[in-house]
Amino acid sequence: EPEVTQTPSHQVTQMGQEVILRCVPISNHLYFYWYRQILGQKVEFLVSFYNNEISEKSEIFDDQFSVERPDGSNFTLKIRSTKLEDSAMYFCASRGSDRDSPLHFGNGTRLTVT
Amino acid sequence: AQTVTQSQPEMSVQEAETVTLSCTYDTSESDYYLFWYKQPPSRQMILVIRQEAYKQQNATENRFSVNFQKAAKSFSLKISDSQLGDAAMYFCAYRTFYNQGGKLIFGQGTELSVKP
């Protein structure tokens, strides 16, 4: 069964550094998402992406964050200048075009900011 | 705005017994989707079961079933014949029907432990 792939599984970075989290969604999916989960807390929506543009973003997704689909297969989340509070699990997800199609999650990238 | 509430931070069940996890939500929409996701210690997000609000029949997937009460805005998950592998965090989630790319809105989660 096709799956959403995220790399790396764990990323450690220093405060103030830029980090790029990578995702390969399922190939025929059209809707792409990033979610964040701070340890022990609920899963929070960051941004959704459709037709090569952001369709919705949350208050968390400020100017420090950006997303890109540079080559038609990868879907990346960039954090320009990481803060300690950006430490979390970041999940990429994708959905097909059918309204009833479920969301498929990747296994997540654990980001640790020191 | 829609909200999802799980009022049980932790639940415990004996192996082979049945447990019910509660979820309530708030929305003014008439059509939507509801989901239960399982998150084991690996932190993977696994879809357990889904319910379309326009369907009256409660969804069932093997040992997992839901009790969907639309008027009460309640969506509980029943796990029958609990197994050790069911131990995980369970999240209830809502998605609008009206925006095809709509996001999932999650509850706070319920940590389920299964005692042998």
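Values quoted throughout were computed directly from the atomic coordinates according to the rules given, and no laboratory measurement underlies them. Because the structure is predicted, anything quoted here is derived from the model rather than measured. Neighbour counts run over all protein chains shown; Cβ positions are idealised from the backbone, glycine included.
Observations
- J(HN,Hα) series, region A:59-67, from Karplus relation 6.51 cos²θ - 1.76 cosθ + 1.60, nearest Hz, glycine and proline x: 5, 5, 7, 8, 5, 6, 9, 8, 10
- Dipole magnitude of the protein assembly as shown, debye to nearest 20 (Cβ charges: Lys/Arg +1, Asp/Glu -1, about Cα centre): 80
- For region A:50-106, pairs of C-alpha atoms spaced more than 14 angstrom apart make up 66 percent of the total.
- Computed across region B:37-116, the Kirkwood radius stands at 13.8 Å (inverse of mean 1/r, all Cα pairs).
- Partner lysines whose Cα lies under 25 Å from the Cα of B:K73, excluding those fewer than 8 positions away in the same chain, are identified as A:K42, B:K38, B:K55, B:K103.
- Summary of the geometry: region A:53-71 and region B:32-108, compared by the centres of their Cα atoms, lie 27 Å apart.
- Loop-located chymotrypsin sites (Phe, Trp or Tyr not before Pro) in region B:40-116 (DSSP state not H, G, I, E or B) with no more than 16 neighbouring Cβ atoms inside 10 Å: B:Y54, B:F97, B:Y98.
- Least to most buried among B:M11, B:M45, B:M89 (fewest other Cβ within 10 Å first): B:M11, B:M89, B:M45
- Charge dipole magnitude, Cβ of K and R +1, D and E -1 - chain A, Cα centre, debye nearest 20: 220
- Positive-pole candidate from B:Q51, B:Q100, B:Q83, dipole of region B:41-116, charges at beta carbon: B:Q100
- The ellipsoid that matches the Cα gyration tensor of chain A has semi-axes, each √(5λ) in whole angstrom, of 23, 14, 13, with the longest given first.
- Residue-averaged beta-carbon neighbours from other chains (10 angstrom radius) around B:37-44: 3
- Test item: Cα-centred dipole of chain B, Lys/Arg +1 and Asp/Glu -1 on Cβ, debye: 220
- A P(r) calculated from all alpha carbon pairs of region B:1-60, with 10 Å bins opening at zero, reads 16, 45, 33, 7 percent.
- Evaluated at q = 0.16 Å⁻¹, the base-10 log of the normalised Debye intensity for the protein assembly as shown, with identical point scatterers placed on the Cα atoms, takes the values -1.14.
- For region B:61-107, the calculated P(r) over all alpha carbon pairs, in 5 Å bins from 0 to the bin holding the longest distance, is 5, 16, 20, 23, 18, 12, 5, 1 percent.
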